[in-house]
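Take a look at the structure set out below.
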Amino acid sequence: MLQGKTALVTGSTSGIGLGIAKALAKQGAQIVLNGFGDAEGPKAEIAALGVKVAYHGADMSKASEIEAMMKFAADTFGRVDILVNNAGIQHVAKIEDFPVERWDAIIAINLTSAFHATRLALPAMKASNWGRIINVASIHGLVGSAEKSAYVAAKHGVVGLTKVTALENATTGVTCNAICPGWVLTPLVQKQVDAKAAAMGLSNEEAKKVLLQEKEPSMQFTTPEELGELAVFFCSAAGNNVRGVAWNMDGGWTAQ
Ligand code: NAD
């Protein structure tokens, strides 16, 4: 379905980003990976799906590095047809204790990076009159949780950016939508499980249960594979007129 298209997924060396990159690669898209840590493993996983893959290690908190990554993608594959703004970090603390540099980093990586990548991707998408911008927001783009001020502010910002991007391109073949996962058991959430286990003297399995019980009626984690399939849907012809939605996959979190 996506043969001949190029997808750039930020923060795709791990977790949800890697899951989405794999799902798009399975549909034939060539992939530009980004993120920290080991890139060779993820590159090999994508290449094994029979598509071309490249990697750029831009730090998504830096506009100049995002510009270099977008140029690299265009030089390597011609243009970016599908942009998945996924890179993100978390920090948990009450507002009065929140480290200022963590606030700045979360806003830069979780929100401002999506603005930069989007503004740089749009001209080529509009020129070909086809494009998909998928912002990995969070259920925290729709509701709040205590001790997550920067994350909730950034993710609400991402949902707002999604709507404006969709509106500004509404008469073109370029769509923009957000994905809002509840709990997904990636390294980002495992850290929160570990903190709960330590604070409450629980085992890893018990801490996972407590985390789910607080928010998710389904008592199940959403998987990167499920989120990948939602991204594939946005890229399909059925997604042509899906514009500006913030689509939850949250086990009932926001239905309560
Ligand atoms: P993860 O920690 O597994 O992956 C994060 C990715 O972002 C990694 O590839 C990491 O290297 C990359 N990254 C971090 N800082 C970066 C930077 N400065 N520049 C470039 N890359 C950077 O986390 P995840 O859970 O897969 O999170 C992915 C996205 O999904 C995030 O935006 C997160 O907020 C969102 N999300 C996660 C959950 C969840 O439950 N895990 C729920 C809702 C939303």
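The values are calculated or read from the model by the stated rules, or taken from the named source; none is laboratory data. As the structure is a computational prediction, the values presented were derived from the model and not from experiment. Positions of Cβ are backbone-derived with ideal geometry, glycine not excepted, and every protein chain shown enters the neighbour counts. When the accessible area is computed, the model is the full protein with side chains, heavy atoms only, and any ligands, DNA or RNA have been set aside. Shrake-Rupley method; radii C 1.70, N 1.55, O 1.52, S 1.80 Å.
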> Reachable aspartates and glutamates from Lys208, Cα under 18 Å, same-chain residues fewer than 8 places away excluded?
Replying inline: Asp194, Glu216, Asp250
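Give, as a single signed number, the net charge of other residues whose beta carbon lies under 14 Å from the beta carbon of Trp247, with Lys and Arg counted +1 and Asp and Glu -1.
Charge balance in the 14 Å sphere: +1.
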>> Under the 0.36 nm per residue contour assumption, what length would be gained going from the current alpha-carbon distance of Asp97 and Ala48 to full extension?
In response: 13.1 nm
> Using mean Cβ contacts within 10 Å as the protection proxy, how do 165-171, 199-205, 18-24 order, highest first?
Replying inline: 18-24, 165-171, 199-205
>> Can you give me the accessible area per residue for the chain, using a 1.4 Å probe, in Å²?
In response: 43 Å²
> For the stretch 35-86, which whole-number percentage of the solvent-accessible area (1.4 Å probe, protein heavy atoms only) is attributable to carbon and sulfur atoms?
Replying inline: 53 percent
> Quick one: putting +1 on the C-beta of Lys and Arg, -1 on the C-beta of Asp and Glu, what dipole do you get for the chain around its Cα centre, in Debye to the nearest 20?
Replying inline: 660 debye
> Using the Cβ atoms and a cut-off under 14 Å, what net charge is assigned to the surroundings of Gln3, where Lys and Arg are +1 and Asp and Glu are -1?
Replying inline: +2
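So what is the 222 nm mean residue ellipticity for the chain from helices alone, if each DSSP H run of at least 4 adds -39500 (n - 2.57) and you divide by all residues, rounding to the nearest 500 deg cm²/dmol?
Numbers: 9 runs with 117 residues, N = 256.
Computed ellipticity for the chain at 222 nm equals -14500 deg cm²/dmol.
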> Which of the helices in the chain meet the span-like rule: DSSP H, Cα axial reach of 27 Å or more, Kyte-Doolittle mean at least 0.0?
Replying inline: 149-168
> Pairs of lysine in the stretch 1-117 with Cα under 13 Å and at least 8 positions apart or on different chains: total?
Replying inline: 6
> When DSSP beta bridges are limited to those with both residues in the chain, what percentage is antiparallel, rounded to the nearest 5?
Replying inline: 0 percent
> What figure in square angstrom, to the nearest 10, would you give for the accessible area of Trp247 with a 1.4 Å probe?
Replying inline: 100 Å²
>> Going by amide H atoms built from the backbone, whose H comes under 5 Å of the H on His91, apart from near neighbours?
In response: Tyr151
>> Can you give the FRET efficiency to the nearest 0.05 for Thr254 and Met200, using r as the Cβ-Cβ distance and R₀ = 35 Å?
In response: 0.85
> Lys/Arg Cβ at +1, Asp/Glu Cβ at -1, dipole of the chain taken about the Cα centre: which of Asn129, Ala93, Val159 is farthest positive-ward?
Replying inline: Asn129
>> Cut-off 19 Å, label point 7 angstrom out along Cα-to-Cβ of Lys191: give me the residues of the stretch 119-158 whose amide nitrogen falls inside.
In response: 136-141, 145-156
